[in-house]
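Enquirer: Please find one structure pasted underneath; my questions will follow.
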Amino acid sequence: MTEFRIPKLNNNDDSYILVEWLAADGQEVKQGDPLVVIETSKTAEELESPADGTLVIRVHSGDCAPGELIAAIGAAVEVAEPVVPEVPPLESGEIDVVITRPAQALIERHGISLDRVRALGKKVIRAEDVESLADPREVVELPRAQRQAADVVVLSHQTIPAAFTVVKADVTDTAKLTRDLSKHARTLIGLSELLVKAVADQRAEFPHLFATWLGDGRIRLAEGSHVGVTIDVGKGLFVPVVRDADVRPLDAVARELMDYRMTALRGSFRERDLEGANIAVTLHSEAGVEFAIPIIYPGHVAALSLASTQQEVQPGDEGFMVRQTVRIGLAFDHRVVNGRDAALFLGAVKRLLEEPRRWLE
Amino acid sequence: MRVAEHLNRSLHTLMENDPSVHLLGEDVSDPYGGAFKITKGLSDRFGPRVMSTPLSEGGIVGVGAGLALAGDRAIVEIMFGDFATLAFDQLVNFAAKSTTMYGRRVDVPLIVRLPTGGRRGYGPTHSQSLQKHFIGVPGLSVYEMSPFHDAGRLFTEIFDSGRPAVFFEDKVLYTKPMLSGGDGLHTFEVRDGWAVIRAERDTEHVLLAPGGLTDRALAALRDLLLEDEIACTLLVPARLHPLDVTPVADVLAAARRVHVAEDGTAGGTWGAEVARLLHERLWGRLTAPITHISAPDSIIPTAAHLEARCTVQPADIRRAINT
Amino acid sequence: MIGAVRERTLTPVSEADLSRMLRIRHFEKALLRLFEQGRLNGTTHTCLGQEHVPVAVSALLSPDDHVFSNHRGHGHFLARYDEPHALLAEITGREGALCNGVGGSQHIYHERFLSTGVQGESLPVAVGVALRHRRTGDGIACAYIGDGTWGEGSVYEALNMAQLWGAPLLVVVEHNRIAQSTPTEAQLAGSIAGRCAGFGVRHERVESVDVNVVRGALAPLVEYVRREKRPAVFEASVHRAGPHSKGDDTRTAAELAEAAAGDWYAHYTRDFPAQVAALEEIERAFVDAAVENVLARPLSEWS
Ligand SMILES: Cc1ncc(C[n+]2csc(CCOP(=O)(O)OP(=O)(O)O)c2C)c(N)n1
Ligand SMILES: [Mg+2]
């Protein structure tokens, strides 16, 4: 078999145009037969066959370079020269699919048919596309609400250097009290409600925890305690806002939270229910949850978590006693407040939850 | 059809359609037809409207400006773009300034054609790319030939604008085919003076380059796509200055990485000006500063191995985009 | 080397020519005054002592002809166009300016008159314009340059092309023996005549500062350029009676005296005092009124 390469035809051009073949692919040709017309920048030149044999055309037309292999002459064997996966150029310029070399390698390795590749509906097929075809496991797209949540938590993680502190509160007495309170107020008042109110009431003493970080070492203080409370009744996570919870009475706060729970069940929150919080309380009341680290909402300085109530045996005056405890976590933006402020804040909240008499005053 | 032939045909058509068009240059007459054969057949056909001139680059650009001022349209060929420096006064102080310095619009329909660039071993005084020296000259447009753009339409556009223009023509590009449609990987689209070359819509990477870099940019794009799996859109403007990016605003809006390649030497370049313009436009949307690819700050040597070192190669473009 | 002008007696000049020469002179003097008063922006080059050359030339040109002028161009303009107000407005940046105040003294484009401030640059341009005239009629291009401008290569590129291609180009050289501060002997080797001969370009030189004599010598040359469609160079020997621009005259007292002695104005006033006195008053008053009128105008606008 003889290789037929384009000779260097002049000094100027580093490429020529293959205009036309004068013999057909597969035809028997004789040495000296005119074979192909090559156009240089100056002229069109006919090249002759260098040997007798069957013509196997490699390059049919178009751009070609000196030294390039354009055909073979001899027994009709494969010419070994792996080239870019052949995607025939289309006259119109419309392209079927482009397969990258890494993708091509994967296609071959997994024996994937071109039809399946085409079915991806993509113009450029990359390795990752082929991998998706080769992997039998299902790929699922998350619901919109979850994708939005994903954005929020990523932003929080990327932008807020958070620290975390947790305290344990003894709520044995409070648990009893909440029953009376609920009866009296004719709405459910539990630890969650007490915590929301307790947190809201701290703003006067701990204004920084309700602030917004502005950058450059500056924060903007809040004008009210607007507490976001996580509610997830199985229809997605919502964080409705109890506005001005510091200046409203406990029963009003409790009633609003109850309303929000109902709204969540109906799945009919309005935008304004969900806007304007400056601190958040996340509820983790599922039995057995000991403590939880909340995510600080972008724009907030702090987020609290309320875990489920635990039974604890503690040494008491007469031997041992069973107490009910709960852990309250505080994640805080460490640029704005330090561990000491966090501990003081949690301490104040804890006292309110532990000493139910205060609620009756 | 090759670019050289396309240019030649465009000039034939232009002179045939418009008897006011005159062409001057050294050795442009038949049978020689210009050092790069771009003017072949014109003097045989159009007689005295085609003039072979003495070696007087400044003089003939002045004559062209005079013809233009008096009501004709003039094309001046300077044999090698390097010699445009000899016509700098006529271009900058006369032709360009005259469009405005007399307090009203004065038309100077003048095109100065400049065979440009290295990669042919002509050595330091016959290989340079002087585009940057003509950027930001009040009243002067800077064009560059590309295999995508119809040269005849560009010539007409320049004449109709009434502004003089320098028209750079890459010497290696002369030997390349005109391009349309696509190349099997990319589609080629021409819109409002821009060629948009891409494999898919809304690519993260966008490369801007003048027409003379087309072959090298396409080679880089091919490797980037097939080997590195990076899709990059190539934008080729016909008019380098003033640069109007509005026709390709959609492509740029989708970009997160922008690269500018050019043949000129580093320092005070067209590409730097493009980067400035695009930084203003795209600031905040890009994930990295605009990458600039140019020849090094050097003369262009003659020996092929040295010359290759001092001219932009496809691998330079690929490397810049892929890092 | 060119000696001082020796005529003792000039021929009588027509009222029209004399009026125009006097108008140019008073226009230039007014500019120098305005400059001193700080009412002119930038610079200005007056043609004191050279007024008769453009007056001699302009009468031989037709409206179709193009005139290319240089930095010392007020006389070139005023000899051709009866529009001193517009020129003054241009120089002072007032409404009614020829080029909206953008070009100023050295950059004027009005009808077929164009000046630019780069020495020698206009000659190749004039060749281009002349080539168009050659093709389309019997117009010519007339370009004024000074003796110092013969240092510029563009002059020779232009002469070469003009002669090769038969461009009807008349180059009028106002040879005032000086370029800014440099005397001709210090900047021009050989002669202008010799340089023209090298290109085979016809050249005439006139020594007289008599406008009639200058015009008489030039007329056949203009005819030659127009009819034969060939370039020609006309060299008029003159004296720069004023500074190069403003307050930048470094010539010695003797040199200044020599220049003053070669001023046509001195000779003509001596020979024809009554005619000068009669017309001078009119032109002076006219120019003064023009100055007052133009300076009262609002500033020019440019969009
Ligand atoms: C290319 C260029 N160089 C220098 C100057 C600065 N310049 C203005 S006038 C002048 C002297 C010109 O002498 P000449 O040609 O004899 O004319 P004249 O002033 O004597 O009328 C010079 C050097 C200029 N305007 N253009
Ligand atoms: Mg002089």
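Enquirer: Please determine, in degrees from 0 to 90 and to the nearest 10, the orientation of helix B:214-226 with respect to the longest principal axis defined by the Cα atoms of chain B, where the helix direction is its Cα long axis.
Expert: So the inclination is approximately 10 degrees.
Enquirer: Given the -39500 (n - 2.57) contribution per DSSP H run of 4+ residues, what per-residue ellipticity at 222 nm results for chain B, rounded to the nearest 500 deg cm²/dmol?
Expert: Computed ellipticity for chain B at 222 nm equals -8500 deg cm²/dmol.
Enquirer: For C:Ile140, what residues show an amide H to amide H distance below 5 Å, using hydrogens built from the backbone and excluding near sequence neighbours?
Expert: C:Asp65, C:His66
Enquirer: While we're here: Test of the criteria: in the range A:210-319, which trypsin sites (Lys or Arg not before Pro) are in a DSSP loop and have at most 14 other Cβ atoms within 10 angstrom of their Cβ?
Expert: When the trypsin sites (Lys or Arg not before Pro) of the range A:210-319 are filtered for loop state and at most 14 Cβ neighbours within 10 Å, A:Lys235, A:Arg270 remain.
Enquirer: With each label point set 7 Å from Cα along the Cα-Cβ vector, what nm distance links B:Asp150 and C:Arg227?
Expert: Between B:Asp150 and C:Arg227, the simple spin-label model gives 5.1 nm.
Enquirer: I've got another one for you. Could you run the Karplus curve 6.51 cos²θ - 1.76 cosθ + 1.60 with θ = phi - 60° over the range C:21-27 and give me ³J(HN,Hα) per residue in whole Hz, x for Gly and Pro?
Expert: Values, residue by residue: 4, 5, 4, 4, 4, 6, 4 Hz.
Enquirer: Also: Among A:Ala150, C:Ala141, C:Pro183, whose Cα sits farthest toward the positive end of the charge dipole of the protein assembly as shown (+1 at Cβ of Lys/Arg, -1 at Cβ of Asp/Glu, about the Cα centre)?
Expert: A:Ala150
Enquirer: With point charges of +1 on the Cβ of Lys and Arg and -1 on the Cβ of Asp and Glu, referenced to the Cα centre of chain B, which listed residue (B:Pro138, B:Gln90, B:Thr246) lies farthest in the positive direction of the dipole?
Expert: B:Pro138
Enquirer: Still on this structure, I have one more. About its Cα centre, how strong a charge dipole does chain A have in debye, to the nearest 20, once Lys and Arg get +1 and Asp and Glu get -1 at the Cβ?
Expert: For this selection, approximately 2860 debye.
Enquirer: I've got another one for you. Pulled fully out, how much extra length does the chain show between A:Val289 and A:Arg357, if you take 0.36 nm times their separation in residues and subtract their Cα-Cα distance?
Expert: Extra length from A:Val289 to A:Arg357 when fully extended: 21.8 nm.
Enquirer: If you count the DSSP beta bridges with both ends in the protein assembly as shown, what percent of them are antiparallel, to the nearest 5?
Expert: Rounded to the nearest five, the antiparallel share is 50 percent.
Enquirer: Moving to a separate point now. I'd like the antiparallel share, as a percent to the nearest 5, of DSSP beta bridges with both residues in the range C:15-295.
Expert: 15 percent
Enquirer: Another one. Given a Förster distance of 45 Å, report the FRET efficiency between A:Glu312 and B:Trp283 from their Cβ-Cβ distance, rounded to the nearest 0.05.
Expert: After rounding to 0.05, the efficiency reads 0.20.
Enquirer: While we're looking at this one, here's another question. Once you charge only the Cβ atoms, +1 for Lys and Arg and -1 for Asp and Glu, what is the size of the charge dipole of the range B:170-242 about its Cα centre, to the nearest 20 debye?
Expert: About 440 debye.
Enquirer: Something else now. Can you give the net charge of the other residues whose Cβ lies under 10 Å from the Cβ of B:Ile197, counting K and R as +1 and D and E as -1?
Expert: -1
Enquirer: List the pairs from A:Lys8/A:Lys30; A:Lys122/B:Lys132; A:Lys168/A:Lys235; B:Lys132/C:Lys246 whose alpha-carbon separation is above 32 Å, in the order I gave them.
Expert: Violating the 32 Å limit, Cα to Cα: A:Lys122/B:Lys132; B:Lys132/C:Lys246.
Enquirer: Write out the GluC sites (Glu not before Pro) in the range A:139-230 meeting two conditions: DSSP loop, and at most 15 other Cβ atoms within 10 Å of their Cβ.
Expert: A:Glu141, A:Glu205, A:Glu223
Enquirer: I've got another one for you. Summing +1 for each Lys or Arg and -1 for each Asp or Glu, what net charge is found among the other residues whose Cβ lies under 12 Å from the Cβ of B:Glu262?
Expert: Net local charge, B:Glu262 excluded: -3.
Enquirer: Another one. For B:Ile111, what charge total do you get from the other residues with a beta carbon under 14 Å from its beta carbon, if Lys and Arg give +1 and Asp and Glu give -1?
Expert: Once positives and negatives cancel, what remains is -3.
Enquirer: Which one, A:Leu18, A:Met1, A:Val301, is farthest towards the positive end of the dipole of the protein assembly as shown when Lys and Arg carry +1 and Asp and Glu -1 on their Cβ?
Expert: Checked the options; the winner is A:Val301.
Enquirer: Another question, if that's okay. Can you tell me the dipole magnitude for the range C:99-154 around its Cα centre, using point charges on the Cβ only (Lys, Arg +1; Asp, Glu -1), in Debye to the nearest 20?
Expert: Result for the range C:99-154 is approximately 280 debye, rounded to the nearest 20.
Enquirer: Give the cross-link partners of B:Lys40 among the lysines, using a straight C-alpha distance below 19 Å as the criterion and excluding same-chain residues fewer than 8 apart.
Expert: A:Lys42, B:Lys171, B:Lys176
Enquirer: A further question follows. With only alpha-carbon atoms counted, please give the Rg and Dmax of the range C:106-251, in Å.
Expert: For the range C:106-251, the Cα-based Rg and Dmax read 15.1, 47 Å.
Enquirer: How many Cβ atoms of partner chains, on average, are near each residue of C:154-167 if near means within 10 Å of its Cβ?
Expert: So the per-residue partner count for this stretch is 4.
Enquirer: While we're here: To the nearest 0.05, what FRET efficiency results for A:Asp180 and A:Arg144 with a Förster distance of 30 Å applied to their C-beta separation?
Expert: So, using R0 = 30 Å, E works out to roughly 0.10.
Enquirer: Calculate for chain A the 222 nm mean residue ellipticity that helices alone would give, adding -39,500 (n - 2.57) per DSSP H run of length 4 or more and normalising by residue count, nearest 500 deg cm²/dmol.
Expert: It lands at -8500 deg cm²/dmol.
Enquirer: May I pose another question? Using label points projected 7 Å from each Cα along Cα→Cβ, tell me how many nm separate B:Asp30 and A:Ala51, to one decimal.
Expert: Computed distance between label sites B:Asp30 and A:Ala51 equals 4.6 nm.
Enquirer: In addition: Given springs between every Cα pair under 10 Å in a Gaussian network model of chain C, which of C:Ala217, C:Ala289, C:Ala179 has the largest fluctuation?
Expert: C:Ala289
Enquirer: More than 26 Å apart: what percent of Cα pairs in chain A qualify?
Expert: 67 percent
Enquirer: Related question: Please give me, ordered by residue number, the GluC sites (Glu not before Pro) of the range A:229-300 that lie in loop per DSSP and have at most 10 other Cβ atoms within 10 Å.
Expert: Loop-located and lightly packed - A:Glu286.
Enquirer: Taking all protein chains in place and a 1.4 Å probe, what share, in percent, of the accessible surface of the protein assembly as shown do carbon and sulfur account for?
Expert: After summing per-atom areas, the C and S share lands at 52 percent.
Enquirer: Follow-up question, since we're still on this one. Non-local amide H neighbours of C:Glu152 (under 5 Å, H modeled in plane, Pro and chain starts lacking H): which ones?
Expert: Counting only residues 5 or more places away or on other chains, the set is empty.
Enquirer: On average, how much accessible surface per residue is there in the protein assembly as shown, in Å², for a 1.4 Å probe, leaving out ligands, DNA and RNA?
Expert: It amounts to 43 Å² per residue over the protein assembly as shown.
Enquirer: Continuing with the same structure: For A:Lys123, go through the lysines and keep the ones whose alpha-carbon is under 25 Å away, minus same-chain ones fewer than eight residues off.
Expert: Of all the lysines, none pass the test against A:Lys123 - Cα under 25 Å, at least 8 places apart if same chain.
Enquirer: Sticking with this one: What does the convex hull of the alpha-carbon atoms of the protein assembly as shown project to on average, in nm²?
Expert: So the Cα hull casts an average projection of 61.5 nm².
Enquirer: A further question follows. Relative contact order of chain B, please, whole-number percent, based on alpha carbon pairs below 8 angstrom and at least 6 residues apart.
Expert: 15 percent
Enquirer: Using just the helices of chain C, give the 222 nm mean residue ellipticity in deg cm²/dmol: DSSP H runs with n ≥ 4 each add -39,500 (n - 2.57), and the total is spread over all residues, rounded to 500.
Expert: It comes out at -14000 deg cm²/dmol, rounded to the nearest 500.
Enquirer: Specify the residue with the greatest mean-square fluctuation among B:Ser20, B:Ser141, B:Ser129, computed from a Gaussian network of chain B linking alpha-carbon atoms under 10 Å apart.
Expert: Result: B:Ser20 has the largest fluctuation of those listed.
Enquirer: For chain C, with a Gaussian network of springs between Cα atoms less than 10 Å apart, report the residue from C:Val118, C:Val173, C:Val206 with the top mean-square fluctuation.
Expert: Highest fluctuation of the listed residues: C:Val118.
Enquirer: With a cut-off of 20 Å, note down the residues of the range A:9-31 whose backbone N falls inside the zone around a label point 7 Å from the Cα of B:Ala304 toward its beta carbon.
Expert: It comes to A:9-17, nothing else.
Enquirer: Another question about this same structure. Once you place label points 7 Å from the Cα toward the Cβ at A:Leu120 and A:Glu108, how far apart are they in nm?
Expert: Here the modelled spin labels are 1.7 nm apart.
Enquirer: Under 16 Å from a point 7 Å along the Cα-to-Cβ line of A:Ala65: which residues of the range B:112-127 have their amide N that close?
Expert: Only B:119-120 fall inside the zone, counting backbone N under 16 Å.
Enquirer: Using a 10 Å cut-off on Cβ to Cβ distances, tally the other chain neighbours for every residue of C:92-103 and report the average as a whole number.
Expert: Going residue by residue through C:92-103 and averaging, the value is 2.
Enquirer: Another question, then. Grab the beta carbon distance between A:Asn11 and B:Gln313, set R0 = 25 Å, and tell me the FRET efficiency rounded to 0.05.
Expert: Once the sixth-power term is evaluated, E becomes 0.80.
The values are calculated or read from the model by the stated rules, or taken from the named source; none is laboratory data. Because the structure is predicted, anything quoted here is derived from the model rather than measured. Glycine gets a Cβ as well: all are built from the backbone with ideal geometry, and neighbour counts include every protein chain shown. Keep in mind that these areas ignore ligands, DNA and RNA; they rest on the heavy atoms of the full protein, side chains included. Shrake-Rupley method; radii C 1.70, N 1.55, O 1.52, S 1.80 Å.
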